[in-house]
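One structure is given below, encoded as structure tokens.
The values are calculated or read from the model by the stated rules, or taken from the named source; none is laboratory data. Every value quoted in this text rests on a predicted model; they were computed, and no experiment measured them. Note that we place each Cβ from the backbone using ideal geometry, even for glycine, and neighbour counts take in every protein chain shown.
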Amino acid sequence: MTDLGWLFNRGTLTFLAGGLGVTLELAAIAIAVSFVAGIVLALGRLSRFRPLSVAATIYIEGMRALPVLLVIFFSYFALPRIIGVKLDPFAAGAIAMSAFTAALVAEIVRAGILAVPKGLVEAAQSQGLSAAQILRIVTLPIAVRQMMPALVAQFVTLLKDTSLTAVIGILELTRRGQIVFAQPPFQPIPVFALIALVYFTANFGLAQIGRRLEARTL
Amino acid sequence: MDWSVLGENAGALAQGLLITLEVSALALLLALVLGVIVATLRVAPSPVLRRIGTAYVEFLRNIPLLVQLFFLFFALPSIGIRLDAFVCGVLALGVYTSAFVAEAIRSGIAAVPTGQLEAGLSSGMGYATAMRLIVLPQAIAKTIPPLGNTTLNLIKNSSLVSTVSVLDILGTANLLGARSFQYVPMFVGAAICYLILTLPTAFAVNLLEKRYAR
Amino acid sequence: MPTPAAIEFSGVQKWFGTNHVLIDIDLTIATGEVLVVIGPSGSGKSTLIRCINGLEAVQQGTVVVGGKQLTAKGGELAAIRREVGMVFQAFHLYPHKTVLENITLAPITVKRVPREQAEREARALLERVDLPEKADAYPAQLSGGQQQRVAIARALAMQPKVLLFDEPTSALDPEMIAEVLDVMKALAHTGITMVVVTHEMGFAREVGDRVVFMDDGRIVAQAPPEQFFSAPGNPRAQLFLSKILAH
Ligand SMILES: Nc1ncnc2c1ncn2[C@@H]1O[C@H](COP(=O)(O)OP(=O)(O)O)[C@@H](O)[C@H]1O
Ligand SMILES: [Mg+2]
């Protein structure tokens, strides 16, 4: 391994950087969707309306009991047969990552909501705020602050898990790495070292952002 | 959708379930052994040892398991190390999980008051003996719930071995789904197999969590 | 002409499960009255005042506040809560909001008061509780006594006709009790109706119009403070008084 010019050249690096772009795009979509869907699922599970809370609980516990790779395969191969619409790999991957992560986020949100002191809600009630206002202005903001560390850990897991979409052919970082080392001079080790470093840096960066958010919330 | 494929292939799925169990059990064993060693490094009195332990954990935790598995399967042969796919699966899964085991044990040890170690040392025990006889047994109780969760994740993560063509639950479902074009029933069958493994484990973890809470 | 009642309990019963916590409560509180509620721990004082703003629902009997009856339905409850302020033992300030935001939150969101006006009024209230410089602080940066004074300002921001206090000084260090009681005493002279659960007998004597003594879910004695403290007229009240006055 003397000359690494085959790896460290403009073309190859651009190709791999594009893969990182896809990885981050997939992760960003899944973070955004799963955050909103996770809150909705958590509220559903906490709802006093039985059918809703049962449905949310089944979804959450079911997802949590399954491997994310199964969810990805299901989304790509099986879901199109159920909904009758063909999905390209990226759409299938984004759906799978979002649907799966939403269940885990829901549990984090639920724990966060349950940890909000009851007295704060009563203080808001006694001032005449409606249930929806209390949720939006008091409960959720306080819950989200408390659950920041767990959420960030979950999103680190998500960022790693996006690598699994390589197996349905999404040209994200891992898949592109495979493509690079499958070409002459067929040297996988430098490629793996490079993409491992990239993942490590991205995750470390995410954890750092998380730490900053935590610090900002007193 | 033809659900009869599920009945026809129940035997194959059961075979896959056994493979998943085998991979998971062996990887768990490896993860526990490595995890205990690394956890000990992470709380060692020597800063160098501690740094090695921390590097090990951070490195493995922040790189996708799939990348680690592919490294063993695709990259090692280029330097003449050729391992069977099953072995690669067990190694990757075990080593990756060992980082989480180490973290669980470390936080368990951190939760044992320092006075306990000091009491052991001052009664004439060496560091290793005091760790083994006094600190670790107490830490293990605090470690059981997070270890349970780690085990649960390990079982789910074992599905990655299907990407290097091991015929575990997911590998089997994928293969038979492609062959019969009956993906929906095959993946539902696979999901049921995973639930058979994970739901009782999750239930046990919940019980332990309640028992060891505080 | 008798002043109209601010609050009226008639034949109120309340249970928590099988625990009968409010028994045969009949109580009329006049507009502008300062009513002090005392009694042993667990006797139902908190539950009693939490029924006034619907934080607890009664199972039998009625509670009428400002002519509006509390029912399980929302409409009247919302109207009542707008006119009844509450101050809690543990303050319950919103930790993620500044002092000013804590005070303006309800006027802006519930009463739709314009922000500038709400902030102007909030600053005036902070003057009143002697904390004008803390407008931009967060609750965690304040002492307990300061937090409780902000909580009082927050309750006043809705311009309530009735203020409820549930042991407002019980969580405070002794040196901070006086600063909160001073604010409450000043309020008592403004004509606002106050229902105060407290064991501060000095406060009761100085500004209380009537003392109500609860025991095991019942109101077992009530009288103007001077009369109550000299002759409570109930052996349990006598025993209770001798215990807390011994401190
Ligand atoms: N949310 C609740 N659920 C069940 N029991 C309660 C609840 N709140 C109060 N209680 C019970 O009601 C009784 C009266 O309580 P409370 O009104 O808090 O008394 P006080 O304020 O005089 O100490 C007590 O026996 C208490 O245990
Ligand atoms: Mg009370």
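Looking for whichever is more than 12 Å from A:Q127 (Cα to Cα), within 11 Å of chain A (Cβ to nearest Cβ) and in a helix (DSSP H, G or I) here; the options are C:E127, C:E121, C:E101. Which one fits?
Numbers: C:E127 fails: within 11 Å of chain A (Cβ to nearest Cβ); C:E121 fails: within 11 Å of chain A (Cβ to nearest Cβ).
Testing whether each residue is more than 12 Å from A:Q127 (Cα to Cα), within 11 Å of chain A (Cβ to nearest Cβ) and in a helix (DSSP H, G or I) leaves just C:E101.
Write out, first by first residue and then by second, each pair whose Cβ atoms fall under 8 Å of each other, whose residues are 6+ apart or on separate chains, and whose first residue, in the stretch C:39-50, is within 14 Å of chain A (Cβ to nearest Cβ) and more than 18 Å from C:N234 (Cα to Cα) while the second is within 8 Å of ligand 2 (Cβ to nearest atom) and not small (G, A, S).
As it stands, the answer is C:S46/C:D166; C:S46/C:E167; C:S46/C:V197; C:I49/C:D166; C:I49/C:V197; C:R50/C:D166, since those pairs meet every condition given.
Just to be sure, is C:V84 over 14 Å from C:I25 (Cβ atoms), among the β-branched types (V, I, T), more than 16 Å from ligand 2 (Cβ to nearest atom) and in contact with a Gly (Cβ under 9 Å, 6 or more places away or on another chain)? Spell out how you get there, then give the answer.
Numbers: over 14 Å from C:I25 (Cβ atoms): yes; among the β-branched types (V, I, T): yes; more than 16 Å from ligand 2 (Cβ to nearest atom): yes; in contact with a Gly (Cβ under 9 Å, 6 or more places away or on another chain): yes.
Criteria met by C:V84.
Just checking, does the stretch C:92-105 include any residue being within 16 Å of ligand 1 (Cβ to nearest atom) and either modelled with pLDDT of 95 or more or among the charged types (D, E, K, R) (or both)?
Taking every residue of the stretch C:92-105 in turn, at least one turns out to be within 16 Å of ligand 1 (Cβ to nearest atom) and either modelled with pLDDT of 95 or more or among the charged types (D, E, K, R) (or both).
With crowded, with 23+ Cβ neighbours inside 10 Å and either more than 16 Å from ligand 2 (Cβ to nearest atom) or in a helix (DSSP H, G or I) (or both) as the only criterion, which of C:Q159, C:Q147 stands out?
On the way: C:Q159 fails: crowded, with 23+ Cβ neighbours inside 10 Å.
Only one candidate passes the filter, namely C:Q147.
Could you tell me which of the residues C:A157, C:A171 is among the small types (G, A, S) and at pLDDT 95 or above?
Numbers: C:A171 fails: at pLDDT 95 or above.
Just one listed residue meets the conditions, C:A157.
Any residue in the stretch C:185-200 that is within 16 Å of ligand 1 (Cβ to nearest atom) and within 14 Å of another protein chain (Cβ to nearest Cβ)? Don't jump to the end; show me each part of the working.
First pass over the stretch C:185-200, keeping only residues within 16 Å of ligand 1 (Cβ to nearest atom): C:195-200.
Among the residues that remain, those that are also within 14 Å of another protein chain (Cβ to nearest Cβ) are: C:195.
Looking for residues that are within 16 Å of ligand 1 (Cβ to nearest atom) and within 14 Å of another protein chain (Cβ to nearest Cβ), one finds at least one in the stretch C:185-200, hence yes.
Is one or more of the residues making up the stretch C:47-56 of a type in the set (K, R), under 20 Å from A:A123 (Cα atoms), in contact with a Gly (Cβ under 9 Å, 6 or more places away or on another chain) and within 10 Å of ligand 1 (Cβ to nearest atom)?
no
Among the residues of the stretch C:163-176, which ones are more than 16 Å from ligand 1 (Cβ to nearest atom) and either among the polar types (S, T, N, Q) or crowded, with 20+ Cβ neighbours inside 10 Å (or both)?
As a first pass, look at the stretch C:163-176 and keep what is more than 16 Å from ligand 1 (Cβ to nearest atom): C:163, C:172-176.
Scanning the stretch C:163-176 gives C:L163, C:L172.
So if I check each of C:G67, C:G61, C:G42, which one is within 16 Å of ligand 1 (Cβ to nearest atom) and farther than 17 Å from A:S126 by Cβ? Before the answer, list the steps.
On the way: C:G67 fails: within 16 Å of ligand 1 (Cβ to nearest atom); C:G61 fails: within 16 Å of ligand 1 (Cβ to nearest atom).
One residue alone meets the criteria, C:G42.
Applying the selection to the stretch B:169-191, what residues are more than 10 Å from chain A (Cβ to nearest Cβ) and touching a Leu at 6+ places or on another chain (Cβ under 9 Å)?
Once the filter is applied, which keeps residues that are more than 10 Å from chain A (Cβ to nearest Cβ) and touching a Leu at 6+ places or on another chain (Cβ under 9 Å), the stretch B:169-191 yields B:T172, B:L175, B:L176, B:G189.
Could you run through the stretch A:181-193 and say how many residues are closer than 20 Å to A:K160 by Cα and buried (at least 20 other Cβ atoms within 10 Å of the Cβ)? Can you show your working first?
Here is the first cut: in the stretch A:181-193, the ones closer than 20 Å to A:K160 by Cα are A:188-193.
Then keep just the ones that are buried (at least 20 other Cβ atoms within 10 Å of the Cβ); that gives A:188, A:191-192.
Summing the residues that are closer than 20 Å to A:K160 by Cα and buried (at least 20 other Cβ atoms within 10 Å of the Cβ) in the stretch A:181-193 gives 3.
Given the conditions (1) touching a residue at least 24 places away in the same chain (Cβ under 8 Å); (2) surrounded by fewer than 18 Cβ atoms within 10 Å (Cβ to Cβ); (3) within 12 Å of chain A (Cβ to nearest Cβ), report the number of the one that B:I140 does not fulfil.
Status for B:I140: all satisfied but (3).
Tell me whether the stretch C:10-32 contains one or more residues that are in a loop (DSSP other than H, G, I, E, B) and either surrounded by 13 or more Cβ atoms within 10 Å (Cβ to Cβ) or more than 15 Å from ligand 1 (Cβ to nearest atom) (or both). Don't jump to the end; show me each part of the working.
Kept after step one, since they are in a loop (DSSP other than H, G, I, E, B), are these residues of the stretch C:10-32: C:17-18, C:31-32.
Those still in the list that are either surrounded by 13 or more Cβ atoms within 10 Å (Cβ to Cβ) or more than 15 Å from ligand 1 (Cβ to nearest atom) (or both) too: C:31-32.
Yes, because at least one residue in the stretch C:10-32 is in a loop (DSSP other than H, G, I, E, B) and either surrounded by 13 or more Cβ atoms within 10 Å (Cβ to Cβ) or more than 15 Å from ligand 1 (Cβ to nearest atom) (or both).
Tell me yes or no: at least one residue of the stretch A:21-29 is surrounded by fewer than 15 Cβ atoms within 10 Å (Cβ to Cβ), of a type outside the set (A, V, I, L, M, F, W, C), touching a residue at least 40 places away in the same chain (Cβ under 8 Å) and closer than 30 Å to A:V191 by Cα.
No; the residues of the stretch A:21-29 include none that is surrounded by fewer than 15 Cβ atoms within 10 Å (Cβ to Cβ), of a type outside the set (A, V, I, L, M, F, W, C), touching a residue at least 40 places away in the same chain (Cβ under 8 Å) and closer than 30 Å to A:V191 by Cα.
Which pairs turn up if I take residues in the stretch C:158-176 that are without any contact (Cβ under 8 Å) to a residue 12 or more places away in the chain and look for partners that are within 12 Å of ligand 2 (Cβ to nearest atom) with beta carbon separation below 8 Å, at least 6 apart in sequence or on another chain?
none
For the structure I just gave you, tell me whether A:R50 is free of Cβ contacts under 8 Å to residues at least 12 places away in the same chain, within 30 Å of B:P185 (Cα to Cα), surrounded by fewer than 22 Cβ atoms within 10 Å (Cβ to Cβ) and within 14 Å of chain B (Cβ to nearest Cβ). Give the steps one after another, and end with the answer.
Numbers: free of Cβ contacts under 8 Å to residues at least 12 places away in the same chain: yes; within 30 Å of B:P185 (Cα to Cα): yes; surrounded by fewer than 22 Cβ atoms within 10 Å (Cβ to Cβ): yes; within 14 Å of chain B (Cβ to nearest Cβ): no.
So A:R50 does not fit the description; no.
Within the stretch A:121-197, which helices (runs of 4 or more DSSP H) (wholly inside it) include 1 or more residues that are out of contact with any Leu (no Cβ under 7 Å at 6 or more places or on another chain), at the interface with another protein chain (Cβ under 8 Å from one of its Cβ atoms) and closer than 30 Å to C:T104 by Cβ?
Working: elements: A:140-146, A:148-161, A:173-181.
Qualifying helices (runs of 4 or more DSSP H): A:140-146.
Any residue at all in the stretch C:141-156 that is more than 10 Å from chain A (Cβ to nearest Cβ) and over 28 Å from A:A143 (Cα atoms)? First the steps, then the outcome.
Start the filter on the stretch C:141-156 by keeping residues that are more than 10 Å from chain A (Cβ to nearest Cβ), which leaves C:142-150, C:152-153, C:156.
In the following step, the residues that additionally are over 28 Å from A:A143 (Cα atoms) were identified as none.
No, because not a single residue in the stretch C:141-156 is more than 10 Å from chain A (Cβ to nearest Cβ) and over 28 Å from A:A143 (Cα atoms).
Just one of the numbered conditions (1) more than 10 Å from chain A (Cβ to nearest Cβ); (2) in a helix (DSSP H, G or I) is not true of B:A44; which one?
(2)
Checking the condition more than 14 Å from ligand 1 (Cβ to nearest atom), within 10 Å of chain A (Cβ to nearest Cβ) and modelled with pLDDT of 95 or more, which residue from C:G74, C:G85 passes?
C:G85
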